[in-house]
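The values are calculated or read from the model by the stated rules, or taken from the named source; none is laboratory data. Computed from a prediction, not measured in an experiment: that's the story for all the values here. For neighbour counting, all protein chains shown are included, and Cβ atoms are generated from backbone atoms with ideal geometry for every residue, glycine included. Quick note on the areas: whole protein, heavy atoms, side chains included, nothing else; ligands and nucleic acids left out. Shrake-Rupley method; radii C 1.70, N 1.55, O 1.52, S 1.80 Å.
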Amino acid sequence: MQKSRVGTSSLETSRIAYGCWRLAGTWNPPEIGPDATDIARRAIVAAIESGITLFDHADIYCQGAAETLFGKILKDIPGMRRQILIATKCGIRAKDTPSTGAPYRYDFRKEYIVRSCESSLQRLGVDVIDLYQLHRPDYLMDPMEVAEAFTLLREQGKVREFGVSNFRPSQVEALQASLGFSLQVNQVEISLFQLGPLENGVLDQCLTRGMSPMAWSPLGGGKLADGSTRVLPSQQGYSSERLLSLMDTMAREKSVSRAVIALSWLLKHPSEILPIVGSLQPERIQTVAASNPDLLSHEEWYQLLAAARAEPLP
Ligand SMILES: NC(=O)c1ccc[n+]([C@@H]2O[C@H](COP(=O)([O-])OP(=O)(O)OC[C@H]3O[C@@H](n4cnc5c(N)ncnc54)[C@H](OP(=O)(O)O)[C@@H]3O)[C@@H](O)[C@H]2O)c1
């Protein structure tokens, strides 16, 4: 497994990260099954054995249960904490919390960021979070207030590095201007079904600033591979016979899976995209972890781009 830096920081990560959104097997805590810990443990072990060292969480994944489950497994596997980097996120607040009537919303107020971080540390059972990200831009973000929260968490030794998720380049600039240290990642959806970051300035900004783009749903939630039981509403419409058939042809020629073609396409971008894979199946995790930036030629990369686009290249 190739390695990369997390942005310009001293943290070293595997090129592929593992995403813990689906780790509990459901997004609704009362539905967590009796075998959830075993399934999660097998997935995590497969990821580590495949060379994956970066694990991505959020406080809202299964309403905190994904972090708790991960913390339990982390405690059970000797030496695991030293081998891995833990990333998590805050800033999205569910409807009716903390009191009935509160809307679904984003909250980057200092007190909320600090409290969310402390809760994640507790659920994960660790002293420090390696990478702390703001999940979705808060329309009421005050960059100075976020900077105060981040600085405090860094000074207290609770967080090593910070990043953002789903930010436009202008929002990154607004926050960065108030921060005394660099934002290291912007985690956005990038895949052959979501080409936005190639054209909206996100990847250009990552190249300019030395930030790492992290790609969520790099397999389109499964639709670029063998399908998915659950995708986000925005991903429901993902489909392209033309693209999938070209991927199948390339996969056959290269004796790899379609998932490996999808991830290798991301890995080839010079911004060193870190795809976050979310499978719970150990064999699939092992297979996709073998993806390789050199698998596709420049020409093959463009063939896939052309098949993925609605319109021909200008
Ligand atoms: N920042 C954000 O706003 C945001 C939003 C969404 C996600 N994320 C992050 O991104 C991570 C990944 O998202 P994702 O789970 O949607 O990613 P993904 O890797 O695109 O999709 C994973 C899904 O694909 C299925 N799949 C089907 N065939 C597969 C194959 N051959 N190989 C691997 N998986 C296959 C998996 O099912 P099986 O389990 O049955 O294999 C799983 O349900 C999340 O865990 C989270 O950390 C962040």
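Residues in the stretch 230-243 that are within 12 Å of the ligand (Cβ to nearest atom) and open to solvent by less than 40 Å² (accessible area, probe 1.4 Å): 3 in all.
Residue check: residue 9 meets all listed conditions (1) over 25 Å from residue 137 (Cβ atoms); (2) open to solvent by less than 60 Å² (accessible area, probe 1.4 Å); (3) more than 10 Å from the ligand (Cβ to nearest atom); (4) at pLDDT 95 or above but one, namely (1).
One line per residue, one yes/no per condition, for (1) open to solvent by less than 10 Å² (accessible area, probe 1.4 Å); (2) more than 13 Å from the ligand (Cβ to nearest atom); (3) in a loop (DSSP other than H, G, I, E, B); (4) farther than 12 Å from residue 73 by Cβ:
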position	(1), (2), (3), (4)
13	yes, yes, no, yes
21	no, no, yes, yes
24	yes, no, yes, no
27	no, no, yes, yes
30	no, yes, no, yes
34	no, yes, yes, yes
40	yes, no, no, no
46	yes, no, no, yes
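Under the condition of being free of Cβ contacts under 8 Å to residues at least 12 places away in the same chain and either part of a loop (DSSP other than H, G, I, E, B) or touching a strand residue (DSSP E or B) at 6+ places or on another chain (Cβ under 6 Å) (or both), the residues counted in the stretch 295-314 number 6.
When the stretch 124-152 is filtered for residues that are buried (at least 19 other Cβ atoms within 10 Å of the Cβ) and within 19 Å of the chain's Cα centre (by Cα), the ones remaining, listed by number, are 124, 129, 130, 131, 132, 133, 134, 135, 137, 138.
The single condition among (1) farther than 15 Å from residue 274 by Cα; (2) part of a helix (DSSP H, G or I); (3) open to solvent by less than 10 Å² (accessible area, probe 1.4 Å) that residue 262 does not meet is (1). When you scan the stretch 73-91, do you find a residue that is crowded, with 19+ Cβ neighbours inside 10 Å, of a type in the set (S, T, N, Q) and assigned to a strand (DSSP E or B), even just one? Checked the stretch 73-91: at least one residue is crowded, with 19+ Cβ neighbours inside 10 Å, of a type in the set (S, T, N, Q) and assigned to a strand (DSSP E or B). Taking the criterion of being over 17 Å from residue 196 (Cβ atoms), in a helix (DSSP H, G or I) and not acidic (Asp, Glu), the residues of the stretch 233-259 that qualify are 242, 244, 245, 246, 247, 249, 250, 251, 252, 254, 258, 259. A Cβ distance below 7 Å, combined with a sequence gap of six or more or placement on separate chains, defines the contacts here; from the stretch 207-229, residues that are touching a residue at least 24 places away in the same chain (Cβ under 8 Å) and farther than 19 Å from residue 58 by Cβ reach residues that are within 12 Å of the ligand (Cβ to nearest atom) and of a type in the set (Lys, Arg) in the pairs 224/258; 225/258.
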